[in-house]
Amino acid sequence: MNYKQLPEDSTKKPNTMKKWLIPVIVIGLIIFAVFKWGIGINNEIIEKEGLAKAQWANVESSYQRRSDLIPNLVSTVKGYANHERETLEAVIKARAEATKPTINIDQSALTPENMAKFQQAQQGLSGALSRLLVSVERYPELKADRSFLELQSQLESTENRINVERNRFNDLAGAYNIFIAKFPTSFVANYINKGALSLFKSAPGSENAPKVEF
């Protein structure tokens, strides 16, 4: 007796494929979503860090502007009070020290050590300038000199600009630090080796720009 072979169930194979294909698609979509999220966070970290570092360049530029005014200041004082040699030499020395520590934002981070050295040098120059300006009070003719009046305006403007640029840097760097510290952004920051930036810590009383008077 011959038996006819029954045809295989044609719906069996497609159903089996559906069972493993759906989980694969779901997993793929999850991986893609996580990858896309990671790319977005990475780009935002880079952007915030870049803004903070660009602002640090503005801080250094403002300090450099003040440093550029020193030679004219010293030269003008010499014309009226050459015997204030010790005070003038202190300013010149402090200026030289202030130009030594620089932070290359393209090659090194704004570390606490680098920031501390930079601030210490700038504060040294601020102190030397203050002592010089106190000594100027003894010379009425010098205080009335046109060059001094011009320097007064430029120094006041520069000191105010330094204060503004420092505050802007702290705002941007602070926002960046908070962003990379938050969960789950911190995972991406750690993965791409991005750490917190050091903030500018003002010396006591330096929250206000010093008043420059001759």
**Message:** At 0.36 nm per residue, and after removing the present C-alpha to C-alpha distance, how many nm does the segment from residue 113 to residue 135 gain when stretched out fully?
**Reply:** 4.5 nm
**Request:** Sketch the reach of a paramagnetic label on residue 61 as a point 7 Å from Cα along Cα-to-Cβ, and name the residues of the range 147-162 whose backbone nitrogen lies under 14 Å away.
**Result:** 161-162
**Prompt:** Looking only at the range 52-86, which residues have a backbone nitrogen under 18 Å from a spot 7 Å from the Cα of residue 144 in the C-beta direction?
**Reply:** 77, 79-81
**Message:** Take residue 100 and residue 178, extend 7 Å from each Cα along the Cα→Cβ direction, and tell me the distance between the two endpoints in nm.
**Reply:** 3.7
**Complete:** Expressed to two decimals, the range 17-191 has a Cα Rg over Rh, using the Kirkwood radius, of 1.29
**Which listed pairs, of 100/201; 117/201; 78/100; 100/143, have C-alpha distances above 23 Å, in listed order** = 78/100; 100/143
**Asked** Can you work out the FRET efficiency for the pair residue 93 and residue 196, with r the C-beta to C-beta distance and R0 = 41 Å, to the nearest 0.05?
**Response** 0.75
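Only the coordinates and a few stated rules stand behind these numbers; no lab work does. Just so we're clear, the structure is a prediction, and the values are computed from it rather than from any experiment. Note that we place each Cβ from the backbone using ideal geometry, even for glycine, and neighbour counts take in every protein chain shown.
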